[in-house]
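No value in this document is a laboratory result; all are computed from the given coordinates. Computed from a predicted model, the values in this text were never measured in an experiment. Note: ideal-geometry Cβ built from the backbone for every residue, glycine included; neighbour counts use all protein chains shown.
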Amino acid sequence: MKLLIVSQYYWPEAFRINEIAKSLVDRGHQVTVLTGVPNYPKGRFFPGYHLFRPAREHYQGVTIIRVPLLPRGRRSKWLLSINYASFLLSSLILGPLRLRHDYDLVFAYAPSPITVALPAILLSHCSRSPILLWVQDLWPESLTASGAVTAKPIITAVGKLVGWIYRHCSLLLVQSRCFIDEVQKYDIALEKIHYLPNPAEELYRPLQLEPDADERNELPNGFCVMFAGNIGLSQSLDTVLAAAQLTQSQTDIHWVIIGDGLDRERVSHEVIRRGLTSNVHLLGWKPVEAMPRYFSLADILLVTLRLAPIFTLTVPAKVQSYLACGKPIVSCLDGEGSRIIEESHSGVGVPAEAPEALAEAVLDLYSKTPEHRAALGRNGMSYFEHNFSMKLVLDRLETIINSAVEEQK
């Protein structure tokens, strides 16, 4: 089957859609990806890439068609908005010119921004093929929760756009079961909505590092609480720093933050201002291929979100990666993400933006035996295999794709 994936983000940027596309090729499909010039998360083009080139690449059996965009920059909401708009315009104009129009199905991968669906809808009309939209973030709720947009007229306009997008897609896939009711509010029939959770790449698995591994030298000696991923306003890193202050008397406990994002510089200054340089360590961005190695050295893996209604509905993608690596998890968030940690018996869940509860949970796991923590990790791995494995998600996706294509005939 000829499949077109539309995604603003793709390899060498680290997003789940990379593994999905490769796996679809492995299953015999012809996959083309329409995407932009890679610049996430550092806000500048990756080495070897420029505004207009390369326009076409091949990687792991996938044909990649790139359209120009302006890089997202760092710590600027305006630059980020321009980045979103430039991909939208380039893909609407150049997408139909650079792509064939004989695809069996168009698949839009939609973390923020939801506007990635617009060129996908246009291209589905060009191909006269069905379109699937995989909703990763709810708009406009994500805009308001992150503080990116507060003007009510803009929020209203975005809401109307989202409704139009949903109604013009053949099927909607949602990464969290809690998204279903929210999508239905746009007068979308339930049979048009399918639950498709995020998997984790096959590279996420338990590892035993060699004694002289370089990663060991990057981490402090002692008990390691590790946060990995985007460092933005939505992640509520101030809660983590406040909890680190409360555990500072336990000099053996270290909080390690791996990642980059709009809030990283402010968080770095906060570490110094709060006097936490001895027990909070920012390691910066690391390639996705290295993350399982760092996870293997953690005693606890940490996932956090801000206190906001929208974040009770979402499941941070790092949850699946954490579960797959077989480490105990502490979640500092509300709703669906916390429910998964509790249901899997893989760790401890505390409310969002509750530093006292977070510190207490870390101290509790710190006091437990290594065997107890290892058992929590095994529980997480088992839950992952039964709910989020790549094979399970791909089987479900292929069933949905086949159904959509047959219905279109």
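Among Asp364, Asp334, which comes first, second and so on when ranked by fewest other beta-carbon atoms within 10 Å?
The order, fewest Cβ neighbours first, is Asp364, Asp334.
Ranked highest first by the average count of other Cβ atoms within 10 Å around their residues, in what order do 2-8, 93-99 fall?
Top to bottom by mean Cβ count within 10 Å: 2-8, 93-99.
Mind listing the long-range amide H neighbours of Ile64? Cut-off is under 5 Å, sequence gap 5 or more, other chains count too, H placed in the peptide plane at 1.01 Å from N.
Distant-sequence amide H within range of Ile64: Val33, Glu57, His58, Tyr59.
Any idea what Rg and Dmax come out to for the chain if you just take the C-alpha atoms, in Å?
21.1, 67
Tell me which residues come under 5 Å, amide H to amide H, from Ala110 once H is placed; ignore anything under 5 positions away on its chain.
Trp134, Gln136
Per the Debye formula with a single identical scatterer at each Cα and no solvent contribution, what log10 I(q)/I(0) holds for the range 316-355 at q = 0.15, 0.26, 0.32 Å⁻¹?
Those come out to -0.29, -0.84, -1.18, one per q.
Would you mind ranking Trp285, Trp11 so that the residue whose beta carbon has the fewest other beta carbons within 10 Å leads the list?
Least to most surrounded, the residues fall as Trp285, Trp11.
Apply the Karplus parameterisation 6.51 cos²θ - 1.76 cosθ + 1.60, with θ equal to phi minus 60°, to every residue of the range 14-22 and state each ³J(HN,Hα) to the nearest whole Hz, in sequence, with x for glycine and proline.
The phi angles translate into 8, 9, 4, 4, 4, 5, 4, 4, 4 Hz.
Calculate how steeply helix 237-246 sits against the longest principal axis of the alpha-carbon atoms of the chain, using the helix alpha-carbon long axis, and give the answer as 0 to 90 degrees to the nearest 10.
That helix lies at roughly 10 degrees to the long axis.
Debye sum, Cα scatterers, the range 214-387, no solvent: what log₁₀ I/I(0) at q = 0.10, 0.18 1/Å?
Debye output, listed in q order: -0.32, -1.18.
Lys368: which aspartates and glutamates have alpha carbons under 15 Å from its alpha carbon, excluding same-chain residues fewer than 8 sequence positions away?
Asp252, Asp299, Glu360
Round to a whole angstrom and tell me the spacing of the C-alpha centers of the range 78-112 and the range 21-40.
14
Of the cross-linked pairs Lys2/Lys185; Lys77/Lys286; Lys318/Lys391; Lys152/Lys318; Lys160/Lys192, which ones have a Cα-Cα span greater than 27 Å in the structure shown?
Long pairs (Cα-Cα over 27 Å): Lys2/Lys185; Lys152/Lys318.
Taking 0.36 nm per intervening residue step and subtracting the Cα-Cα distance, what contour gain separates Ile155 from His168 on full extension?
This chain segment gains 2.7 nm when fully extended.
So what's the angle, to the nearest 10 degrees on a 0 to 90 scale, between helix 355-367 and the longest Cα principal axis of the chain?
For 355-367 against the chain, the angle is about 70 degrees.
Output ³J(HN,Hα) for the range 64-81: one whole-Hz value per residue in order, computed from phi by the Karplus curve 6.51 cos²θ - 1.76 cosθ + 1.60 with θ = phi - 60°, and x for Gly and Pro.
For the range 64-81, the Karplus curve yields 10, 10, 10, 10, x, 8, 8, x, 6, x, 9, 6, 9, 5, 5, 5, 5, 4 Hz.
How large is the convex hull of the Cα atoms of the range 43-188 per residue, expressed in Å³ as a whole number?
Residue-normalised Cα hull volume stands at 130 Å³.
Assuming 0.36 nm per residue, please report the length gained on full extension of the stretch Ile93 to Leu79 beyond their Cα-Cα distance.
2.9 nm
Given contacts defined as C-alpha pairs under 8 Å and at least six residues apart, what's the relative contact order of the range 268-398, whole-number percent?
22 percent.
Which value, in debye to the nearest 20, gives the size of the charge dipole of the range 214-387 about its Cα centre, when Lys and Arg are +1 and Asp and Glu are -1 at the Cβ?
My answer is approximately 160 debye.
Relative to the longest principal axis of the C-alpha atoms of the chain, give the angle of the C-alpha long axis of helix 152-167, reported between 0 and 90° and rounded to the nearest 10°.
Long axis of 152-167 versus the principal axis of the chain: about 60 degrees.
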